[in-house]
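Trainee: Pasting a structure here, questions to come.
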Amino acid sequence: MEILSGILVAKQIKKEIKAEVESLINQGFKRPHLAAILVGADGASMTYVNAKEKDCEEVGFDSTVLRFAATITEEELLIEVEKINNNTEIDGLIVQLPLPKHINEKKVTETISWKKDVDGFHPYNVGLMFKGLPCYLPATPFGIIKLLEYYKIETSGKNCVVIGRSDIVGKPMAALMLGKNCTVTICHSKTIDINSFTQKADIVIAAVGIPNYVKAEMIKEGAVVIDVGITRVDDDSEKGYKLIGDVDFNSAATKASFITPVPGGVGPMTRVGLLLNTLMAIKNK
Ligand code: NAP
C-alpha cells in the first residue's frame with residue numbers, strides 16, 4: 001500500500017507555479033491576484049481563507065480578503081461581487097461557502113463573472129467542463145486529477161465509483177474521471193446496495209461527509225481509494241479539533257493499493273487546484 005501524499009505533490013506543484021509566475025512577470029505580465037470574500041466568522045471558513053492567503057504569498061500571487069459581517073444583505077454582497085468583477089486588478093474571485101442562510105449561494109456564485117470564477121462553480125464553466133473544453137475546473141476534483149497523474153495511476157478502462165453527487169465535488173469528479181476514460185458510477189444517499197458497486201471499483205472516490213464511511217469490506221483488493229471527506233470533530237488537542245475523513249483509513253489501507261490520508265491528502269491538492277486556476281486566469285488575459 002502506498003500513500004498518495006497531497007502535501008508532497010502540492011509542494012512540488014507550488015514550486016512550479018512560483019517559477020511560472022516569475023517567468024510571466026519577466027515577460028511583462030502582472031502578478032496574479034486572487035480575491036476572497038469571507039462572510040461571518042465561521043471557524044472553518046476563516047481557516048480555509050487564511051490558508052488560501054498563505055498559499056498565494058508562497059507562490060508569489062497578490063491576494064485580497066474582503067471580510068463582511070454575517071449581517072450583510074444579499075443585495076449588498078452582490079454589489080461587492082460586481083465591484084470585483086469590474087476591478088481589472090483582480091484576476092480571480094472566490095466566495096467562501098457556506099454563506100449565512102439569508103443569502104442565496106447560487107445567486108452569489110452565479111454573479112461572479114465566469115472569467116474570474118476560479119472555483120469553477122459558474123454554470124458556464126460547468127458546461128465547458130462537461131464538454132471537455134478548457135475552463136476553470138472545480139478545485140477539489142481538479143486537485144485529485146493532478147494527484148492521480150503525479151502518481152501515474154492508470155485510469156483508462158478502470159471502473160471508478162464516486163460516492164456523492166454534490167455540484168462541487170461528486171458530479172464534476174465523475175465528469176473528470178469520465179474524461180480520463182474511466183467507466184464511472186455515481187452513488188448517493190438513494191443508491192441501493194452501495195457495496196455492490198464499490199466492491200467492483202478499481203478507484204473509489206468518497207465525498208460523502210460521513211466520517212469513516214468506507215471500510216475494507218466495501219472495497220476490492222488493490223483498489224485506489226481517494227478520501228475527500230473532512231469532518232471536524234472536537235478533541236483535547238491544541239487546535240481543539242481533529243479532521244476525520246470519509247474513509248476508515250486503518251481498515252481500508254489493509255486492501256488498498258494507493259490511499260489518501262486525512263489530513264494531508266485531498267485538502268492540499270484542493271488548494272493547489274485553486275492556485276492553478278488563478279494562474280490560468282492571468283494567462284487567459
Ligand atoms: P454534500 O454536498 O453534503 O454531498 C454529500 C453527498 O454524499 C451527497 O450527494 C449525498 O447524497 C451523499 N450521501 C450522503 N449520505 C450518504 C450515504 N449514506 N450513502 C451514500 N451517499 C451519501 O458534500 P460535499 O460538499 O460534496 O462534500 C463531501 C465531503 O467532502 C465533506 O466532508 C466535505 O467537508 C468534504 N470536502 C473536502 C474538500 C477537500 O478539499 N478535502 C473539499 C470539498 C468538500 P444525496 O445527493 O442523495 O443527498
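The values are calculated or read from the model by the stated rules, or taken from the named source; none is laboratory data. Just so it is clear, the model here is predicted, and its values are computed rather than measured. Here Cβ is always computed from backbone atoms with ideal geometry, including for glycine, and neighbour counts include all displayed protein chains. Accessible surface areas use protein heavy atoms only, side chains included; no ligands, DNA or RNA. Shrake-Rupley method; radii C 1.70, N 1.55, O 1.52, S 1.80 Å.
Trainee: State, to one decimal in nm, how far the label point of Ala70 lies from the label point of His188, with both points 7 Å from Cα in the Cβ direction.
Mentor: That separation, rounded to one decimal, is 2.9 nm.
Trainee: Sticking with this structure for a sec: Run through the DSSP bridge list for the stretch 139-266 and note the antiparallel percent, rounded to the nearest 5.
Mentor: Roughly 20 percent of the DSSP beta bridges within the stretch 139-266 come out antiparallel.
Trainee: In whole Å, largest first, what are the principal axis extents of the Cα atoms in the stretch 160-232?
Mentor: For the stretch 160-232, the Cα spread along each principal axis is 29, 28, 22 Å.
Trainee: Would you mind calculating the gained length between Gln12 and Ala41 on full extension (0.36 nm times residue separation, minus the Cα-Cα distance), in nm to one decimal?
Mentor: 7.2 nm
Trainee: Turning to a different aspect of this structure: May I ask for the equivalent-ellipsoid semi-axes of the stretch 211-259, computed as the square root of five times each C-alpha gyration tensor eigenvalue and listed largest first in whole Å?
Mentor: Ellipsoid half-lengths, sorted descending, are 25, 9, 9 Å.
Trainee: Distance in nm between label sites at Ser257 and Gln27, each 7 Å beyond Cα in the beta-carbon direction?
Mentor: It is 3.8 nm.
Trainee: Compute a Gaussian network model of the chain, connecting alpha carbons closer than 10 Å, and tell me which residue from Gly170, Gly143, Gly264 fluctuates the most.
Mentor: Per the Cα network of the chain with a 10 Å cutoff, Gly264 tops the list.
Trainee: Given a Förster radius of 25 Å and the C-beta distance between Lys285 and Glu149 as r, what FRET efficiency does 1/(1 + (r/R0)^6) yield to the nearest 0.05?
Mentor: 0.45
Trainee: Continuing with the same structure: Counting Lys and Arg as +1 and Asp and Glu as -1, each charge on the Cβ, what is the dipole of the chain about the Cα centre in debye, to the nearest 20?
Mentor: My answer is approximately 700 debye.
Trainee: Given N residues in the stretch 30-113, what is its alpha carbon radius of gyration divided by 2.2 N^0.38 Å?
Mentor: Working it through for the stretch 30-113, the quotient is 1.06.
Trainee: So what does the Cα-only Debye profile of the chain read at q = 0.07, 0.10, 0.13, 0.14 Å⁻¹, as log10 I(q)/I(0), no solvent term?
Mentor: -0.26, -0.54, -0.91, -1.05
Trainee: Between Gly245, Gly43, Gly132, find the one with the highest GNM mean-square fluctuation for the chain; connect C-alpha pairs within less than 10 Å.
Mentor: Evaluated over the chain, the most mobile residue of the options is Gly43.
Trainee: What's the magnitude of the charge dipole for the stretch 30-113 around its Cα centre, counting Lys and Arg as +1 and Asp and Glu as -1 at the beta-carbon? Answer in Debye, nearest 20.
Mentor: Result for the stretch 30-113 is approximately 80 debye, rounded to the nearest 20.
Trainee: Nearest 5 percent is fine: what portion of the DSSP beta bridges confined to the stretch 204-285 is antiparallel?
Mentor: That works out to approximately 40 percent antiparallel.
Trainee: Which percent, nearest 5, of DSSP beta bridges in the chain are antiparallel?
Mentor: 10 percent
Trainee: Still on this structure, I have one more. For Val214, which sequence-distant residues (separation of 5 or more, or a different chain) have an amide H within less than 5 Å of its own amide H, given hydrogens modelled in the peptide plane?
Mentor: Amide H neighbours of Val214: Val247, Asp248.
Trainee: Students often forget the sequence filter, so: which aspartates and glutamates lie under 13 Å Cα-Cα from Lys14 once same-chain residues fewer than 8 apart are removed?
Mentor: Cα-Cα hits under 13 Å: Glu22, Asp55, Glu57, Glu58.
Trainee: Considering only Cα-Cα distances, which of the following residue pairs are longer than 29 Å: Lys107/Lys180; Lys152/Lys190; Lys107/Lys171; Lys116/Lys180; Lys131/Lys190?
Mentor: Going by Cα-Cα distance, Lys107/Lys180; Lys152/Lys190 fall outside the 29 Å limit.
Trainee: With no solvent and one point on each alpha carbon, what is the Debye value of log10 I(q)/I(0) for the stretch 199-285 at q = 0.13, 0.21 Å⁻¹?
Mentor: Reported log10 I(q)/I(0), two decimals: -0.50, -0.92.
Trainee: Check the chain for me: any Cys whose beta-carbon has no other cysteine beta-carbon within less than 4.7 Å?
Mentor: Lacking a cysteine Cβ partner under 4.7 Å: Cys56, Cys135, Cys187.
Trainee: Quick check on the stretch 151-198: what does the Kirkwood estimate of hydrodynamic radius come out to from the alpha carbon pairs, in Å?
Mentor: 11.1 Å
Trainee: List the lysines whose Cα sits under 18 Å from the Cα of Lys215, skipping any in the same chain fewer than 8 residues away.
Mentor: Straight-distance partners of Lys215: Lys200, Lys255.
Trainee: Then there is this: On each of the three principal axes of the Cα atoms of the stretch 139-266, give max minus min coordinate, whole Å, ordered largest first.
Mentor: 45, 29, 27
Trainee: If you don't mind, another one. Once each part is reduced to its C-alpha centroid, what is the distance from the stretch 118-158 to the stretch 1-17 in angstrom?
Mentor: 17 Å
Trainee: Sticking with this structure for a sec: Among Thr47, Phe61, Ile79, whose Cα projects farthest towards the positive end of the dipole of the stretch 1-96, with charges put on the beta-carbon of Lys, Arg (+1) and Asp, Glu (-1)?
Mentor: Phe61
Trainee: State the answer as a single residue: which of Cys135, Val21, Gly120 lies farthest towards the positive end of the charge dipole of the chain, with beta carbon charges of +1 for Lys and Arg and -1 for Asp and Glu, about the Cα centre.
Mentor: Cys135
Trainee: Rolling a 1.4 Å sphere over the protein heavy atoms, what is the accessible area per residue of the stretch 209-285, to the nearest Å²?
Mentor: It amounts to 44 Å² per residue over the stretch 209-285.
Trainee: What percent do you get for the relative contact order of the chain when only Cα pairs under 8 Å and 6+ apart count?
Mentor: Answer for the chain is 21 percent.
Trainee: Another question, if that's okay. GNM, the chain, Cα, under 10 Å: largest mean-square fluctuation among Met173, Met129, Met269?
Mentor: Met129
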